[in-house]
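**Student:** Here it is: the structure, laid out below.
The values are calculated or read from the model by the stated rules, or taken from the named source; none is laboratory data. This one's a predicted model, so the numbers in the text were calculated from it and none came from an experiment. When we count neighbours, we look across all protein chains shown, and the Cβ atoms used for this are built from the backbone with ideal geometry, even at glycine. Just the protein is used for accessible areas: all its heavy atoms, side chains included, with ligands, DNA and RNA removed. Shrake-Rupley method; radii C 1.70, N 1.55, O 1.52, S 1.80 Å.
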Amino acid sequence: MMSRSYTNLLDLAEGNFAALGLAGGGARRRQGSFGLKRMSRVMTVPGTLSELDGEDESEPAATNSVASDAPSSLAADRMIVVSNQLPVVARRRPDGRGWSFSWDEDSLLLQLRDGIPDEMEVLFVGSLRADVPVAEQDEVSQALLDRFRCVPVFLPDHLNDRFYHGFCKRQLWPLFHYMLPFSSSASATTASSSPGNGRFDRSAWEAYVLANKFFFEKVVEVINPEDDYVWVHDYHLMVLPTFLRRRFNRLRIGFFLHSPFPSSEIYRTLPVREEILKALLNCDLIGFHTFDYARHFLSCCSRMLGIEYQSKRGYIGLDYFGRTVGIKIMPVGIHMGQLQSGLRLPDREWRLSELQQQFEGKTVLLGVDDMDIFKGINLKLLAFENMLRTHPKWQGRAVLVQIANPARGKGKDLETIQAEIEESCRRINGDFGQSGYSPVVFIDRDVSSVEKIAYYTIAECVVVTAVRDGMNLTPYEYIVCRQGAPGSESTSEVSGPKKSMLVVSEFIGCSPSLSGAIRVNPWNIEATAEGMNEAISMPEQEKQLRHEKHYRYVSSHDVAYWSRSFTQDLERACKDHFRRTCWGIGLGFGFRVVALDPHFTKLNIDSIVNAYEISESRAILLDYDGTLVPQTSINKPPSPEVVSTINTLCSDRRNIVFLVSGRDKDTLGEWFASCPKLGIAAEHGYFLRWSRDEEWQTCTQALDFGWMEMAKPDADPGFGSSQAKELLDHLESVLANEPVTVKSGQFIVEVKPQGVSKGVVAERILASMKEGGKQADFVLCIGDDRSDEDMFENIADIMKRNMVAPRTPLFACTVGQKPSKAKFYLDDTFEVVTMLSALADATEPELETDSADELAASTSSLDIGDEQSESTDRPIGGS
């Protein structure tokens, strides 16, 4: 049965707003009738949006759905930047006739253009921070497109309130900042007009999905999917990628989250947790500010979706149905040019002189924060109070200037915090204030950029005590302002060597990049107070060294560097988009695109038989469960047909046949006791023997298996079957310092020593054949699950390492048509057995000898690892 949220998405896709109980459908339809007059790159697929989105989702989407009917009018690629708000300021003209528009110079979205190649056009899609009447929306849209290359999204007021205040600010924002709705009281960031309470509100989620649908429709109006990249920003639009991917299978999509991503223990409380994860996985590249945020996201994907990540050559990727979803870790920077221009403004001169006179002889500590429950302003005040009391030398000398930008939300929690801040300011100034000296200067109004720059310039130290923050660029801005503008000869400039000091919370995104800052736990008032004292008491030379180190980083890792790096990685992540065969499957948020290599084809039995017949030294490596027998039973012995086929293949002296399985050696040895010439690599190759009469050998050094005692209590069948994802994550944590790997497969979670895999054993078998004078000129390996991918990957490059004869046919074959490193597939175990029977029929009886025994004897002295005699200690294996 489909979840309610899946049904909602289908309702949205069909334009069925009445089913959702959402107002604003009429406004949406009216808005849809407004056509932009001059769109140079418009998708021209016939039909209405509801018709296009209403295809039968039970059928795979057309492979060529990415192509438009009209060719692109421009050859160059284009970047479509989608965010909740456009980087534009809209104001009603004084006479009330029409609108005036200007760029928002402080907008990160505008600044990121500096990192995008000059030849790449940038188009913005987002909402306006203005209430534009429906009758004027067409004219406004055209003006923004013509003058600013911006496409506005107009959400009906009722929908916008439930989308932004009801879900974004009431559900996602607190949760992503580690705040759970333990009671039904309204969240601090909630507008008082929003419906519901602080707990999950499904109608708000429905509004969130519908709002994302509005953004999707605007993107469709202007997109050319063959040429365009789409870069989606922040938590407001996390389900937009599913709408885009569902319509355009090969569209190049990036996403960057500007807020923290919480740990899995917090995120898992969200009722729509899997829907959002799956929507994000429809991107090609997902960006985070810090490694911790990325690690939390990857942990959620592992624990909730069972998807593991891989890290190769510095790049982290998630294999999602044949598509590799890249993970980008890159903290955003500031716009150096804009800030340095501000340092040269004439207004800055007189403001700086005024502040220098006001705080003459004082040591200024500065805080610049939004009025928000997560910024820790009151914790900062309490720490400053503690410093004055603990270090009385600063009484009359140290001043904390706290700039609090006006709150963007409302709520009881915020009101409580504001009252506490006001009380703290009165108390501190009352206890420590003197004639002409107020220890706390609290500024709770809009502060212009140039005034803020002046405050940065005079501050001896900036203090950031946010309890949770995505990035926070205040320390970066402060460092650049303390450095001053290059070549500036300002008379008010701070003289002498440049220096700055930072006290920053360990819970903000910029903290890891500022190695010279004093990091504090803002909840520890005493420690934060000592951090403040240490910062302003530090020797001048040390302050200079730390400042120089920070400035080198901040000036080189600016917003252009961040944007350029993300764009390059997005291009890299999408380089194979138009080469692969792909199709869309699934309903609602279960929709995903399955991508296959174009050379991935069904194994032709006639072709493999022909190659088999002309070869002289063959290696045949077979998985067991899901390959020779269906993956339907935990304990299923081979059929007589399978045993007979294997014996026939083993009887040919030109064949080396190995069973390579995750099962234990005793079970495999018992089931194939009637196959005397069959080689067996049990437990992924940890145990190996060349024939039934040979002794078992271990293909690794003797190990300490003490870790097994830690793993076994968690390997309860009932626990494992019901909570396999939890078990995987738990074992990875428990065994993090042990020389083992933890992996999941079909119906199993297994723990095995490092260096033991089917890929390693396949390589060792082929190496032994070569050193025994029987270099393979025919290789066949078949498997069905994740553990077999190691074997396919190793087989793919053995030709380069001369492990097989030149021009050796390599048949790496997976069972089932699915994303795989194998080049071939067979549909099921029946086809596998049929193919092996065809090879058995081509076997020449007159060549039957004890070939496996001969090779085993010839390789008995070879080093296939530090071979050990059979041990009673074994890794915990799977099938």
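**Student:** By average Cβ neighbour count within 10 Å, what is the ranking of 611-618, 498-505 from highest down?
**Tutor:** Numbers: 611-618: 17.1, 498-505: 23.8.
Ranked from most to least packed, the peptides come out as 498-505, 611-618.
**Student:** Summing +1 for each Lys or Arg and -1 for each Asp or Glu, what net charge is found among the other residues whose Cβ lies under 11 Å from the Cβ of Ile479? Can you show the working numbers first?
**Tutor:** On the way: positive: Arg482, Lys498, Lys499, Arg546, Lys549, Arg552; negative: Glu477, Glu548.
It works out to a net charge of +4.
**Student:** Still on this structure, I have one more. Along the principal axes of its C-alpha atoms, what lengths does the stretch 561-642 span, in descending order and rounded to whole Å?
**Tutor:** 62, 37, 23
**Student:** Now for a different question. Tabulate in residue order the Karplus-calculated ³J(HN,Hα) for the stretch 122-130, using 6.51 cos²θ - 1.76 cosθ + 1.60 with θ = phi - 60°, rounded to whole Hz; enter x for Gly and Pro.
**Tutor:** 10, 10, 9, 10, x, 8, 9, 8, 7
**Student:** Let me ask something else. How do 310-319, 150-159 rank on mean C-beta neighbours within 10 Å, highest first? Provide the component values of the computation, followed by the final result.
**Tutor:** Details: 310-319: 12.1, 150-159: 20.8.
The densest-packed peptide leads the list: 150-159, 310-319.
**Student:** Could you give the distance between the Cα centres of the stretch 453-469 and the stretch 358-411, to the whole Å?
**Tutor:** Using only Cα atoms to place each centre, the spacing works out to 9 Å.
**Student:** Report, by chain and number, residues whose modeled amide H sits under 5 Å from the one on Ala407, excluding near sequence neighbours (fewer than 5 apart, same chain).
**Tutor:** Met371
**Student:** Give the carbon-plus-sulfur fraction of the accessible surface of the stretch 102-162 in %, rounded to a whole number; probe 1.4 Å, heavy atoms of protein chains only.
**Tutor:** Numbers: 1170 of 2620 Å².
Of the solvent-accessible surface of the stretch 102-162, carbon and sulfur hold 45 percent.
**Student:** Using only Cα atoms, locate the centre of the stretch 514-550 and the centre of the stretch 623-695, then give the distance between them in Å, rounded to an integer.
**Tutor:** Result: 65 Å between the Cα centres.
**Student:** Per 0.36 nm of contour for each residue apart, how much would the distance between Gln568 and Thr581 grow if the chain were fully extended, relative to their Cα-Cα spacing?
**Tutor:** On the way: separation 13, 0.36 × 13 = 4.68 nm, distance 2.37 nm.
Answer, rounded to one decimal: 2.3 nm.
**Student:** What list of ³J(HN,Hα) couplings, whole Hz, do you get for the stretch 227-243 from phi and the Karplus terms 6.51, -1.76, 1.60, once you set θ to phi - 60° and write x for glycine and proline?
**Tutor:** 10, 8, 9, 10, 10, 8, 10, 6, 5, 5, 10, 6, 9, 4, x, 5, 4
**Student:** Moving to a separate point now. Along the positive direction of the dipole of the stretch 554-624 (beta-carbon charges: Lys, Arg +1; Asp, Glu -1; about the Cα centre), which of Phe566, Ala595, Ser615 reaches farthest?
**Tutor:** Phe566
**Student:** Over all alpha-carbon pairs in the stretch 481-587, figure out the percentage whose distance exceeds 21 Å.
**Tutor:** Values: 3280 of 5671 pairs.
Here the tail beyond 21 Å accounts for 58 percent of pairs.
**Student:** Here's a follow-up. Mind pulling the per residue volume of the convex hull built on the Cα atoms of the stretch 366-443? Å³ is fine. All intermediate terms of the calculation are to be shown ahead of the outcome.
**Tutor:** Working: hull volume 6.0 nm³, N = 78.
Value for the stretch 366-443: 77 Å³ per residue.
**Student:** Check the straight Cα-Cα distances from Lys665 and name the lysines below 24 Å, setting aside those fewer than 8 residues away within the same chain.
**Tutor:** Here the lysines satisfying the reach criterion relative to Lys665 are Lys636, Lys677, Lys712, Lys743, Lys752, Lys758.
**Student:** Continuing with the same structure: Going toward the positive end of the dipole of the stretch 314-438, with +1 on Lys and Arg Cβ and -1 on Asp and Glu Cβ, which of Ala419, Gln358, Gly436 do you reach last?
**Tutor:** Gln358
**Student:** Of Lys169/Lys412; Lys312/Lys821; Lys412/Lys452; Lys380/Lys412; Lys602/Lys774; Lys362/Lys499, which ones are farther than 18 Å apart at the Cα?
**Tutor:** Lys412/Lys452; Lys380/Lys412; Lys602/Lys774, as the Cα separations exceed 18 Å there.
**Student:** Same structure again: How large is ³J(HN,Hα), in whole Hz, for each residue of the stretch 404-412 in order, when computed from phi with the Karplus curve 6.51 cos²θ - 1.76 cosθ + 1.60 and θ = phi - 60°, using x for Gly and Pro?
**Tutor:** Using θ = phi - 60°, the values come out as 10, 5, x, 5, 9, x, 9, x, 5 Hz.
**Student:** Please report, as a whole percent, how much of the solvent-accessible surface of the stretch 580-635 comes from carbon and sulfur atoms (probe radius 1.4 Å). Provide the component values of the computation, followed by the final result.
**Tutor:** Numbers: 1150 of 2120 Å².
Percent of accessible area from carbon and sulfur atoms in the stretch 580-635: 54.
**Student:** Another question, then. Between Glu613 and Ala419, how many nm apart are label points set 7 Å from Cα along the C-beta direction?
**Tutor:** Computed distance between label sites Glu613 and Ala419 equals 9.1 nm.
**Student:** About its Cα centre, what dipole magnitude does the stretch 217-360 give when the only charges are +1 on Lys and Arg Cβ and -1 on Asp and Glu Cβ, stated in debye to the nearest 20? All intermediate terms of the calculation are to be shown ahead of the outcome.
**Tutor:** Numbers: 18 positive and 17 negative charges, 118 e Å.
Dipole about the Cα centre, nearest 20: 560 debye.
**Student:** Something else about it: When you take every Cα atom in the stretch 327-486, what is the radius of gyration, and what is Dmax, the widest Cα pair distance, in Å?
**Tutor:** Considering the stretch 327-486 through its Cα atoms, Rg and Dmax are 16.3, 56 Å.
**Student:** Taking amide H positions as placed 1.01 Å from N in the peptide plane, with prolines and chain starts having none, which residues 5 or more places from Asp201, or on another chain, fall under 5 Å of its amide H?
**Tutor:** Sorted by chain and number, the residues that satisfy this come to none at all.
**Student:** Where the only charges are on Cβ atoms (+1 Lys, Arg; -1 Asp, Glu), what is the dipole of the stretch 572-646 about its Cα centre, to the nearest 20 debye?
**Tutor:** Magnitude of the dipole: close to 560 debye.
**Student:** Further question: Using modelled amide H (1.01 Å from N, peptide plane; none on Pro or chain starts), what sits under 5 Å from the amide H of Glu121, excluding residues fewer than 5 places away?
**Tutor:** Answer set, sorted by chain and number: Met79.
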